[in-house]
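See below for the structure under consideration.
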Amino acid sequence: MDEALLTLAALLGATLRVAVPLVLCALAGVCSERAGVIDIGLEGKMLAAAFTAACLGALGWPAPLALLGACGVAVALSMVHGFACITHRGDQIVSGVALNLIAAGLTAVLGLVWFGQGGRTPDVAAEHRYTALFPEAAQAVRGWSGVGPLLAEGVLQHDALVWIAFAAVPLLGWLLYRTRFGLRLRAAGENPATLEAAGVSVAWLRYRATLLAGVLCGVAGAYLTLAQNAAFSPNMTAGRGFMALAAMVFGQWRPGRAAAACLLFGFLDALAIRLQGASVGLLSAVPVQLLQALPYLLTVVLLAGFFGRAEAPAALGRPYSKER
């Protein structure tokens, strides 16, 4: 019984940690797409932010400053996307794909030139990374019978970015559904002409939504290299941005539902890691590669099953101009 509880606690902790970048990117997609701007570039912005955070961390910058630098780069890419899609009314899909390609190529080349380790950055020192906020408390409650291991691994053994990511879910829900800014943001994605007629600038509102998406992508990228790993390696985001998009669609562009889908992805990923090399009945005969592919297979299933039925914001992907 104790061993089963410890396994469950470890699985819970791993699920939350693995889901963090997915949750942040899904929330970023909700912000941008609720305002009417398709954000295929989540993957690229997260990758560029991860590279920036790793570079600054390796240079000895404190973790909060490296996090700010990562957010700055992600916001800059978001502004490029906004300039192309909002100001010049360009194709939002093409712009997002371009951001992904630029980020993947530029981070690999700069990493190779600057550090000479095949695109990988040096390790970030432990004192410049985010670590567990309450390690003593986690150690103290771990021995409690019953919920002790669950409290230690599921709640107290996480760093600040994990807490920020899951606190952002209700915060964004409140922002979207309980504030005037959120009402206007959703109106920009549903009926921008009415919003403009009420005297509100649709372009400025969409820029603010993409800016907020950039900040969330920056935190997601920084988490990968300042908390989950100790260094950057080329294409380390491994499609998480696209998985977050699938979660957002599955969640009907709502923060809570999108986060729940991300937790499902995180659980499958954590389960695959846990089952590697394990001998549990028929699972011992399952190839490791198939277990690792589970989150990606689920992504395809969700997109195939829900993309057509999901009700997207009415003006999503449609450039807006006052002349109409």
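Annotations
- Flag if residue 226 is assigned to a helix (DSSP H, G or I), open to solvent by 60 Å² or more (accessible area, probe 1.4 Å) and of a type outside the set (Gly, Ala, Ser): no
- The condition (being out of contact with any Lys or Arg (no Cβ under 8 Å at 6 or more places or on another chain), closer than 30 Å to residue 155 by Cα and among the hydroxyl-bearing types (Ser, Thr, Tyr)) is satisfied by just one residue among 87, 15, 7: 15.
- Pairs where the first residue, in segment 179-198, is open to solvent by 20 Å² or more (accessible area, probe 1.4 Å) and the second is assigned to a helix (DSSP H, G or I) and charged (D, E, K, R), C-beta under 7 Å, 6+ apart: 186/34
- Helices (runs of 4 or more DSSP H) (entirely within segment 142-208) containing at least 1 residues that are under 30 Å from residue 9 (Cα atoms): 148-151, 160-178
- Flag for residue 125 being open to solvent by 30 Å² or more (accessible area, probe 1.4 Å), modelled with pLDDT under 90, more than 30 Å from residue 39 (Cβ to Cβ) and out of contact with any Phe, Trp or Tyr (no Cβ under 8 Å at 6 or more places or on another chain): no
- Filter result for residue 310 (within 30 Å of residue 195 (Cβ to Cβ), part of a loop (DSSP other than H, G, I, E, B), out of contact with any Cys (no Cβ under 6 Å at 6 or more places or on another chain) and at pLDDT below 80): yes
Per-residue answers, yes or no, for (1) of a type outside the set (S, T, N, Q); (2) in contact with a helix residue (DSSP H, G or I) (Cβ under 9 Å, 6 or more places away or on another chain); (3) farther than 16 Å from residue 87 by Cα:
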site: 178; (1), (2), (3): yes, no, yes
site: 181; (1), (2), (3): yes, yes, yes
site: 192; (1), (2), (3): yes, yes, no
site: 197; (1), (2), (3): yes, no, yes
site: 202; (1), (2), (3): yes, yes, no
site: 206; (1), (2), (3): yes, yes, no
site: 213; (1), (2), (3): yes, yes, yes
site: 219; (1), (2), (3): yes, yes, yes
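The values are calculated or read from the model by the stated rules, or taken from the named source; none is laboratory data. Note that the structure is a prediction, hence the values are computed from the model and not measured. In this analysis, Cβ positions are derived from the backbone assuming ideal geometry, glycine residues included, and neighbour counts consider all displayed protein chains. Surface areas here come from the heavy atoms of the whole protein model, side chains and all, with no ligands, DNA or RNA. Shrake-Rupley method; radii C 1.70, N 1.55, O 1.52, S 1.80 Å.
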